[in-house]
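A.B. asks: Quick one: structure below, then a few questions.
The values are calculated or read from the model by the stated rules, or taken from the named source; none is laboratory data. All values derive from a computational prediction rather than experimental measurement. Cβ placement follows ideal geometry from the backbone for every residue including glycine, while neighbour counts extend to all protein chains displayed.
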Amino acid sequence: MAQNSNSHKNGLAVRTVVAIGIGAALFFVLMRFLPIPTGIPDTTINLGSAILALFAAIFGPIAGLFIGLIGHSLNDLTWGSVWWSWVIADGAFGFLLGLIKKRLDLENGNLTRRKLIYFNVWQAVAGLIAWVVIAPLGDIFIYSEPANKVFVQGIVAWITTFIAVAVVGSILVVAYAKSRTQSGSLTKED
């Protein structure tokens, strides 16, 4: 029985592991060196989320999870300490976005307007779960932060991330899909 050269019988495909490394590095660089202030303490617009969304949509939930976890952890380490509630939220966001990999079918270049709308509706839902539920509750339970503060931060993070992914992430997803050969678009010459 032939085995796909990109997969292992037990574990992640080499392609996915490489994507996790590249995605986490890009996520970290954008998060660390290109944060856009929101006016809310400790809350910035993170363009790395657009990269996370792209990689998760291409490589799936496991890649999305690890890109979010590793990229955010690296960013926090450069500031002195890891804020685990938000690291976990970014990992969850990446995981949830990766769940739509098959439905989007970016590898075959089959991105329709309907699929792009679905991508953005789903990223809004994933962001709601990550930043309005996971991150604030983690802040409250892990760090004993005041609820009113962390829910404001979470809502601002949700809205700004939605906008960043809807604009930059959508552009990246469309560009990637256009770079792929659509299924059935090649024909055999006689």
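A.B. asks: Please tell me if T16 is of a type in the set (V, I, T) and in contact with a strand residue (DSSP E or B) (Cβ under 7 Å, 6 or more places away or on another chain).
C.D. replies: Numbers: of a type in the set (V, I, T): yes; in contact with a strand residue (DSSP E or B) (Cβ under 7 Å, 6 or more places away or on another chain): no.
Against the criterion (of a type in the set (V, I, T) and in contact with a strand residue (DSSP E or B) (Cβ under 7 Å, 6 or more places away or on another chain)), T16 does not qualify.
A.B. asks: Let me ask something else about it. May I ask you to say which residue of T160, T187, T181, T112 is at pLDDT below 95, of a type outside the set (G, A, S) and closer than 21 Å to G48 by Cα?
C.D. replies: After applying the criteria, what remains is T160.
A.B. asks: Test S85 against the criterion of being closer than 20 Å to F66 by Cβ and among the hydroxyl-bearing types (S, T, Y), and give yes or no.
C.D. replies: Values: closer than 20 Å to F66 by Cβ: yes; among the hydroxyl-bearing types (S, T, Y): yes.
In short, yes.
A.B. asks: Among the residues of segment 22-52 satisfying the criterion of being more than 14 Å from G64 (Cβ to Cβ) and in a helix (DSSP H, G or I), which is farthest from the chain's Cα centre (by Cα)?
C.D. replies: F33
A.B. asks: How many residues are surrounded by 16 or more Cβ atoms within 10 Å (Cβ to Cβ) and either outside any helix (DSSP H, G or I) or at pLDDT below 95 (or both) when one looks only at segment 87-100?
C.D. replies: 1
A.B. asks: Scan segment 45-86 for residues that are of a type in the set (D, E) and buried (at least 24 other Cβ atoms within 10 Å of the Cβ) and report the count.
C.D. replies: Qualifying residue count for the region: 0.
A.B. asks: Go through (1) part of a helix (DSSP H, G or I); (2) free of Cβ contacts under 8 Å to residues at least 60 places away in the same chain one by one and return the number of the condition S81 breaks.
C.D. replies: So the condition that S81 fails would be (1).
A.B. asks: Return the residue satisfying two criteria in turn: it lies in segment 113-155 and is more than 20 Å from the chain's Cα centre (by Cα) and β-branched (V, I, T), and of such residues it is surrounded by the most Cβ atoms within 10 Å (Cβ to Cβ).
C.D. replies: If we take residues in segment 113-155 being more than 20 Å from the chain's Cα centre (by Cα) and β-branched (V, I, T), then V150 is surrounded by the most Cβ atoms within 10 Å (Cβ to Cβ).
A.B. asks: Can you go through K149, K178, K115 and tell me which one is part of a helix (DSSP H, G or I) and either of a type in the set (V, I, T) or closer than 30 Å to P41 by Cα (or both)?
C.D. replies: Answer to the check: K149.
A.B. asks: Right, something else. State all residues of segment 101-112 that are part of a helix (DSSP H, G or I) and crowded, with 20+ Cβ neighbours inside 10 Å; if no residue qualifies, say none.
C.D. replies: Within segment 101-112, L104, L106 meet the criteria.
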